[in-house]
């Protein structure tokens, strides 16, 4: 009797109720995430004043940064900084995520049922949790505008600092105001240089997204559902290539920030110590969030990229490290990130 009742309940929950299921309700995600964000909105004149200060700092730092990394191709430039508050950061990133995931959502046409509605509600809350967690912590962001071809028109890259979070950390750790913002600007500018000076990089990562979308579109039924969850072997291979590239992006950015920061910022050592303390001081609930969202694993990949960049730079200099930006073939693999000498021996034979 109990077994029969359970089967009946499952059947009723999964029974199609007309129309396709919506796997993510972005309006609900925004509502849930916004409810958990702290205040401190930037408005009108204040946003303009803060943005102007960011751009002034960036203009002062750009010549030194370009001297360290090796300049910019003629006709290219770095994007300008914009000040965000927590709510505008949320709006920006929901827009990015929505555009990135739209091809997957269009490809997966599950019938609407109580089961899919319950799954959507759970997924909405999970995505909102991640965005809420990051929205209260993230300090800066470079948006390279990575979109698969199916995602629509690619816009211009953007550079941002989240001023309320920067100001909160400044107060909490008693940090020098101008040097803190210049230090953060250096890191995001390094990312902007990586993409602006090497136009192939954005196209390469966007093509990886295209491959993921295309493999999902080709899959149907249970296989299609797996591509949204566990993934397929070909997807994992693409994801590893993307992970390796993004680990280098982050590691190289940290290296450049350190090289320029030591030359330009009187409070550099103080900022570095405060950042290490901030990264290592997590409450039990915060550590749990890092683990269940996969952010801890992502952070470890970035540490791997930082060690790679530091070791190659120390042994061979920036000119050799910058060979990684010549083409997709020159990028290190995940294995080479762990063993920089393997990468160096390989790229020595490449033109």
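The values are calculated or read from the model by the stated rules, or taken from the named source; none is laboratory data. Quantities reported herein were computed from a predicted structural model and do not represent experimental measurements. Please note: Cβ atoms are built from the backbone with ideal geometry, for glycine as well, and neighbour counts cover all protein chains shown.
Table for the structure above
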read-out	value
Residue count, segment 302-351 (criterion: assigned to a helix (DSSP H, G or I) and exposed (fewer than 13 other Cβ atoms within 10 Å of the Cβ))	7
Residue satisfying all of: in segment 270-294; modelled with pLDDT under 60 and assigned to a loop (DSSP other than H, G, I, E, B); surrounded by the fewest Cβ atoms within 10 Å (Cβ to Cβ) among these	283
Counted residues, segment 128-163 - those being part of a helix (DSSP H, G or I) and either modelled with pLDDT of 95 or more or surrounded by fewer than 17 Cβ atoms within 10 Å (Cβ to Cβ) (or both)	3
Sole residue being at pLDDT 60 or above, under 19 Å from the mean Cα position of the chain (by Cα) and within 26 Å of residue 69 (Cβ to Cβ), chosen from 267, 261, 251	251
Filter pass, residue 106 being modelled with pLDDT of 90 or more and loosely packed, with under 14 Cβ neighbours inside 10 Å	no
Residue count, segment 31-64 (criterion: more than 23 Å from the chain's Cα centre (by Cα) and not in a loop (DSSP other than H, G, I, E, B))	16
Condition met for residue 18 (out of contact with any strand residue (DSSP E or B) (no Cβ under 7 Å at 6 or more places or on another chain), under 30 Å from residue 183 (Cα atoms), part of a loop (DSSP other than H, G, I, E, B) and modelled with pLDDT under 75)	no
Cβ-Cβ under 6 Å pairs, at least 6 apart or on other chains, segment 315-337 side touching a residue at least 60 places away in the same chain (Cβ under 8 Å) and at negative phi, far side assigned to a loop (DSSP other than H, G, I, E, B) and surrounded by 14 or more Cβ atoms within 10 Å (Cβ to Cβ)	324/331; 325/198
Single residue of 178, 190 found to be surrounded by fewer than 16 Cβ atoms within 10 Å (Cβ to Cβ), part of a helix (DSSP H, G or I) and modelled with pLDDT of 95 or more	178
